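Below is one structure, written out as structure tokens; the observations come after it.
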């Protein structure tokens, strides 16, 4: 083991650990995060000669993390129906502010849960991981144009789903309408 390789890996690890861990935290259950993050950096160590020079090393690690998360998810799904709840759990995100939770938060998470996996990943890479569209396209291994189309489609679906949810919650229930008099004559009878 060369000391240059070890120093280079330590530098990459120290710079990017927090971003990669944050990426994984939002995609797997909390009790499994450490396993996946360790796996990302074990693979990165084994393939360290393939890691591009900065700043592309960050995107390479995001792509690797994405593949490790996908492999982990497939592996856990094969272990039985107990892990079928993974899709529900992957969206549990702790509120970062100390103020009261925003009720729109649940609407957004519910709408995102309805998206296809890649569409949801597009939104998460841009909105949660704060990657540019070009960087997110590189992580997903697609063209910028393909990414932007998928991103817009996902964003529109989430917005439409939220609009439908909000409209449905403000509409009166049918039972409430039966108690309302239809004409002034009925109101006085």
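The values are calculated or read from the model by the stated rules, or taken from the named source; none is laboratory data. Given the structure is predicted, the values throughout are model-derived calculations rather than measurements. All Cβ positions, glycine included, derive from the backbone under ideal geometry; neighbour counts span all protein chains shown.
Please state which of the following conditions residue 77 fails to meet, knowing it meets all the rest: (1) part of a helix (DSSP H, G or I); (2) modelled with pLDDT under 85; (3) closer than 22 Å to residue 123 by Cβ.
(3)
Can you find, within the stretch 52-67, the residue that is nearest to residue 23 (Cα to Cα) among those that are without any contact (Cβ under 8 Å) to a residue 40 or more places away in the chain and in contact with a helix residue (DSSP H, G or I) (Cβ under 6 Å, 6 or more places away or on another chain)?
The extreme case among them is 64.
Among (1) part of a helix (DSSP H, G or I); (2) modelled with pLDDT of 85 or more, where does residue 115 come up short?
(1)
Hey, can you tell me all the residues within the stretch 16-66 that are more than 22 Å from residue 77 (Cα to Cα) and outside any helix (DSSP H, G or I)?
47, 51, 52, 53, 54, 55
Can we say residue 86 is in a helix (DSSP H, G or I), on the phi < 0 side of the Ramachandran plot, modelled with pLDDT under 90 and not assigned by TED's automatic domain parsing to the domain that holds residue 20? Walk me through it before giving the result.
Working: in a helix (DSSP H, G or I): yes; on the phi < 0 side of the Ramachandran plot: yes; modelled with pLDDT under 90: yes; not assigned by TED's automatic domain parsing to the domain that holds residue 20: no.
No, not satisfied.
Kindly establish whether residue 144 is more than 28 Å from residue 103 (Cβ to Cβ) and at pLDDT 85 or above. Step through it out loud before you land on a result.
Working: more than 28 Å from residue 103 (Cβ to Cβ): yes; at pLDDT 85 or above: yes.
Judged against the criteria, residue 144 is a match.
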